[in-house]
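> Please see the structure below; I have some questions.
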Amino acid sequence: MLFSIDGKKITGIPRRRRAHFGIWRDNLSDSDYEAVVEAINAYVDSVPPDKPFVSSFIPGHDWEGTVYEPLYLACGRSKEQSGWFFGLIVWQVMIDRPDKWIFKPLDKEEDVLGTTYWRKYGRLTDCDFRRKL
């Protein structure tokens, strides 16, 4: 389950991204999609309970020969679009998980691309999140 930092439960891909997600997903086989979902879940399962993670850190920089390469191909070999597609898949994976997670969107002033996720314990605020980092 995925929640915003203010506690709102997230139930789907953001409306403004649904069309792109659908186009990219249509260009990807079910088996390739499931392999990416399994890899993301394995990564998330390995995150220590008290640590956040940033979605863009999961696949690394070179996707060639990995389960993530088909995303690049599905997006017409666009690094930018395949990164967005990957981020939306992570988003959906986090929604579908039984454990509770909170996200913090990319801060425009940060150098890091991606969304930060951390486990939800009780009621966290933005200040609590900043202290954990």
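The values are calculated or read from the model by the stated rules, or taken from the named source; none is laboratory data. A quick note: this is a predicted structure, and the numbers were derived from the prediction, not measured. A quick note on method: Cβ atoms are made from the backbone with ideal geometry, for glycine too, and the neighbour counts reach across all protein chains shown.
> Condition test on THR66, is it β-branched (Val, Ile, Thr), modelled with pLDDT under 95 and in contact with a Pro (Cβ under 9 Å, 6 or more places away or on another chain)?
Considered against the rule, which asks whether it is β-branched (Val, Ile, Thr), modelled with pLDDT under 95 and in contact with a Pro (Cβ under 9 Å, 6 or more places away or on another chain), THR66 comes out as no.
> A follow-up question, please. Can you find a residue in the range 32-40 that is of a type in the set (Asp, Glu), touching a Leu at 6+ places or on another chain (Cβ under 9 Å) and either surrounded by 10 or more Cβ atoms within 10 Å (Cβ to Cβ) or modelled with pLDDT of 95 or more (or both)?
Yes: one or more hits.
> Taking TRP84 and the conditions (1) farther than 24 Å from LYS120 by Cβ; (2) in contact (Cβ under 8 Å) with a residue 60 or more places away in the chain; (3) over 14 Å from the mean Cα position of the chain (by Cα), which numbered condition does it fall short on, given that it satisfies the others?
(3)
> Step by step: first the residues of the range 69-89, then only those that are among the charged types (D, E, K, R) and in contact with a Phe, Trp or Tyr (Cβ under 8 Å, 6 or more places away or on another chain), then the one that is surrounded by the most Cβ atoms within 10 Å (Cβ to Cβ). Which residue is that?
This residue is GLU69.
> In the range 85-125, what residues are modelled with pLDDT under 90 and under 22 Å from SER46 (Cα atoms)?
LYS104, PRO105, VAL112, LEU113, GLY114, LYS120, TYR121, GLY122, LEU124
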